[in-house]
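These notes concern the structure reproduced below.
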Amino acid sequence: MEIKKVMVIGAGQMGGGIAQVSAQAGFDVVQYDINMDLVNKGIALINKNLSRDVEKGKRTEAEKAEILGRIKPSVSLEDAADCDLVVEAIVENFDIKKKVFEELDRIAPAHAILATNTSSLPITQIAACTKRPQQVIGMHFMNPVPVMKLVEIIRGLATTDEVYKTIEEASIKMGKVPVWCKDVPGFVSNRVLQVMINEALWELYEGVAPAENIDNIMKLGMNHPMGPCALADLIGLDTVLAILNVMYTGYGDPKYRPSPLLKQYVQAGWLGRKVGKGIFDYK
Ligand code: CAA
Ligand code: NAD
């Protein structure tokens, strides 16, 4: 199946990035969020990323204008009616995603693929919210999307080979390297990554070392590009907590039990870089 038009649901840090790489791949893009302020904020960030590329000589002003020209803002899910692929990137919450998938299943044309950028939720369970589980798939981009090469691809129980192949090809067109894994809570990426981040948050809770030291130890000692505390702030502490909870309940294993400090930060609204404060202060 040929993908021509892509709708991205959610203009947050992931949705905006997915809209950018989709437009860069030459697809027509609809960027949706629940209100126009959020859509405009997402598109402004794409504009900023592309301007940085122009300043660095990576692309021309004309190319930037062409990419931006392919992105249409939207606050109506009805705009999925003529799309070939919908990529959902809203909050990591099954009940909220369920409502959106039910709506998208009603609106999107019969041939359309419904993909989710979920970090941890079972693809099979999301697919079961629709009458087209064979056309639902996990398309898990990494943050920041324009930079990171990986797309982790996860098939639900019913996902067809053709849908898998189409998504693999679309990912390559977006300049990414697709790597598949099975449909388990947290997939491969977050089963490994979030256990490390959570351990750093337990260390912080126990006063083993300040956040700066934890990060420096992992950066200087393990050559990580950023430490686990800064990375948790980049991902968003609400998202980190949601992923850990999915794995904690999904496996029933205490190794995924979220640090109490992580819960407290989320309760305080200290969600990380996206709000200007998390483990570190960004204001
Ligand atoms: N958007 C677009 N481009 C960005 C960016 C952003 N938010 N942040 C950085 N960049 C670009 C810069 O413009 C720069 O581009 P050039 O190479 O063209 O100059 C490049 O990335 C490197 O940036 P910097 O020199 O400013 O900084 P850096 O070298 O420290 O790199 C980083 C920044 C790429 C974020 C790097 O620190 C890194 O790789 N961190 C780890 C990121 C990571 O692990 N991501 C996965 C998170 S987990 C996930 O996504 C899955 C999940 O489900 C939670
Ligand atoms: P975010 O909080 O930055 O953005 C979420 C956006 O979705 C918001 O703008 C919100 O308004 C919007 N949205 C649209 N429809 C919505 C609805 N019906 N209900 C609630 N919100 C709605 O989140 P994010 O970091 O972009 O994460 C989005 C998804 O991508 C999550 O499933 C997350 O697990 C996944 N993900 C996140 C990362 C990361 O590093 N942050 C990496 C990979 C995958």
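The values are calculated or read from the model by the stated rules, or taken from the named source; none is laboratory data. No experiment lies behind these values; they were computed from the predicted model shown. All Cβ positions, even for glycine, are placed from backbone atoms using ideal geometry, and neighbour counts span all protein chains on display. Please note that ligands, DNA and RNA were not included when accessible areas were found on the heavy atoms of the full protein model with its side chains. Shrake-Rupley method; radii C 1.70, N 1.55, O 1.52, S 1.80 Å.
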Take the stretch 43-91 and flag every residue that is assigned to a helix (DSSP H, G or I), within 16 Å of ligand 1 (Cβ to nearest atom) and open to solvent by 70 Å² or more (accessible area, probe 1.4 Å).
LEU45, LYS48, ARG52, GLU55, GLU63
Conditions first: (1) away from ligand 1 (no atom under 11 Å from the Cβ); (2) under 22 Å from THR249 (Cα atoms); (3) open to solvent by 10 Å² or more (accessible area, probe 1.4 Å). GLN135 passes all but one, so which condition is the exception?
(2)
Quick check on my filter: what residues within the stretch 208-226 are open to solvent by less than 60 Å² (accessible area, probe 1.4 Å), more than 10 Å from ligand 1 (Cβ to nearest atom) and not charged (D, E, K, R)?
ALA209, ALA211, ILE214, MET218, GLY221
Which one of these is open to solvent by less than 10 Å² (accessible area, probe 1.4 Å), in contact (Cβ under 8 Å) with a residue 24 or more places away in the chain and not aromatic (Phe, Trp, Tyr): ALA25, ALA19?
ALA19
Cβ-Cβ under 6 Å, sequence separation 6+ or interchain: first residue in the stretch 208-229 and modelled with pLDDT under 95, partner open to solvent by less than 50 Å² (accessible area, probe 1.4 Å). Which pairs?
none
If I ask for residues that are open to solvent by 40 Å² or more (accessible area, probe 1.4 Å), within 20 Å of THR239 (Cα to Cα) and aliphatic (A, V, I, L, M), which ones from the stretch 148-185 would you list?
MET148, LEU150, VAL184
Does VAL188 qualify as being among the aliphatic types (A, V, I, L, M), in contact with a strand residue (DSSP E or B) (Cβ under 6 Å, 6 or more places away or on another chain) and open to solvent by 20 Å² or more (accessible area, probe 1.4 Å)?
yes
Cβ-Cβ below 8 Å, separation at least six or inter-chain, first residue in the stretch 255-273 and on the phi < 0 side of the Ramachandran plot, second among the charged types (D, E, K, R) and part of a helix (DSSP H, G or I): which pairs?
VAL266/ASP238; LEU271/ASP238; ARG273/ASP233
